[in-house]
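Asks: Mind looking over this structure? Questions follow.
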Amino acid sequence: MNSLISLEKVNYQIADQHILHDVDWQIPAGAHITLTGPSGGGKSTLLRIIAAMISKTSGTLIFDGQPLESYDPIMYRRQVSYCFQQPTLFGETVADNLAFPYQIRKQVMDTQRVVTALNNVGLSERTLHQPIIELSGGERQRVALIRNILFLPKVLLLDEVTAGLDENNKQIVHAWLRQLNEQDHVTTIMITHDATEIAAADQLAKVVAGRLEVHA
């Protein structure tokens, strides 16, 4: 099976601090991977390299058959989307954020699609007009997730996005991510320290002291 993402001997170093060591990873299209490991081990660094948010020190990253360096950065980030642990929302309302993916593509917001996405993560249509300052941390996280997938990427990279959610909302987000993976064929890689999420993993990978361990 051809890999959608291929990392070969990827290293990341800042001054004399070697954060990632010779990472080799073949990620097939449609994978649903849980990434774990000790804090400070290099998990987020690895995802940010895949997202082209930071540049590897050495090694090769191939995406969809082409070297990362051959892609226009804006077009690449539309295909490989990174969701932060601490989401950043802007403007005044939820609508300001969910209209943004349409605005940068010079399109009119598809309100029905946006409302459906809100419903999929347990938020109502009323949320669309809610001021950002009134949102809870969990609501902010779900709005940020929606903003990332209104135009489906090929890859969704999730950095502890359920950490601020209660158990009920975790289950809602998990079901939605599963739907994106199984029905929409979005490849997902999710960092977590949650024991329940780790136990339920389809495929588990660990980063320990900058080295990748992939488990079946």
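Asks: Does any residue of the range 7-17 turn out to be among the polar types (S, T, N, Q), modelled with pLDDT under 95, surrounded by 15 or more Cβ atoms within 10 Å (Cβ to Cβ) and outside any helix (DSSP H, G or I)?
Replies: No, because not a single residue in the range 7-17 is among the polar types (S, T, N, Q), modelled with pLDDT under 95, surrounded by 15 or more Cβ atoms within 10 Å (Cβ to Cβ) and outside any helix (DSSP H, G or I).
Asks: Then there's this: Can you go through L128, L89 and tell me which one is among the aliphatic types (A, V, I, L, M) and either assigned to a helix (DSSP H, G or I) or on the phi > 0 side of the Ramachandran plot (or both)?
Replies: Working: L89 fails: either assigned to a helix (DSSP H, G or I) or on the phi > 0 side of the Ramachandran plot (or both).
Going through L128, L89 in turn, just one is among the aliphatic types (A, V, I, L, M) and either assigned to a helix (DSSP H, G or I) or on the phi > 0 side of the Ramachandran plot (or both): L128.
Asks: Turning to a different aspect of this structure: In the list E160, E197, E139, which residue meets the criterion of being free of Cβ contacts under 8 Å to residues at least 24 places away in the same chain and among the charged types (D, E, K, R)?
Replies: E139
Asks: Got a number for residues in the range 189-216 being part of a strand (DSSP E or B) and either crowded, with 19+ Cβ neighbours inside 10 Å or in contact with a Cys (Cβ under 6 Å, 6 or more places away or on another chain) (or both)?
Replies: 6
Asks: Looking at N181, is it part of a helix (DSSP H, G or I), more than 20 Å from I50 (Cα to Cα) and in contact (Cβ under 8 Å) with a residue 24 or more places away in the chain?
Replies: Taking the combined requirement at face value, the residue does not satisfy it.
Asks: So which residues in the range 50-75 are out of contact with any helix residue (DSSP H, G or I) (no Cβ under 6 Å at 6 or more places or on another chain), surrounded by 15 or more Cβ atoms within 10 Å (Cβ to Cβ) and either closer than 30 Å to T127 by Cβ or of a type in the set (D, E, K, R) (or both)?
Replies: Within the range 50-75, A51, M53, D64 qualify.
Asks: I've got another one for you. Going by what's in this entry, would I133 be described as farther than 22 Å from S81 by Cβ and either outside any loop (DSSP other than H, G, I, E, B) or of a type in the set (S, T, N, Q) (or both)? Let's see the steps before the verdict.
Replies: Working: farther than 22 Å from S81 by Cβ: yes; either outside any loop (DSSP other than H, G, I, E, B) or of a type in the set (S, T, N, Q) (or both): yes.
So I133 passes the test.
Asks: What do you reckon, is Q112 among the polar types (S, T, N, Q), more than 15 Å from the chain's Cα centre (by Cα) and not in a helix (DSSP H, G or I)?
Replies: Against the criterion (among the polar types (S, T, N, Q), more than 15 Å from the chain's Cα centre (by Cα) and not in a helix (DSSP H, G or I)), Q112 does not qualify.
Asks: Taking the range 165-178, which residues are surrounded by fewer than 20 Cβ atoms within 10 Å (Cβ to Cβ), under 19 Å from P87 (Cβ atoms) and either of a type in the set (V, I, T) or in contact (Cβ under 8 Å) with a residue 60 or more places away in the chain (or both)?
Replies: I172
Asks: Let me ask something else. Can you pull out the residues in the range 96-120 that are of a type in the set (A, V, I, L, M, F, W, C), buried (at least 18 other Cβ atoms within 10 Å of the Cβ) and farther than 21 Å from H174 by Cα?
Replies: A99
The values are calculated or read from the model by the stated rules, or taken from the named source; none is laboratory data. Values in this document were obtained by computation on a predicted structure and should not be read as measured data. Quick reminder, even Gly has a Cβ in these numbers, built from the backbone with ideal geometry, and neighbours come from all protein chains shown.
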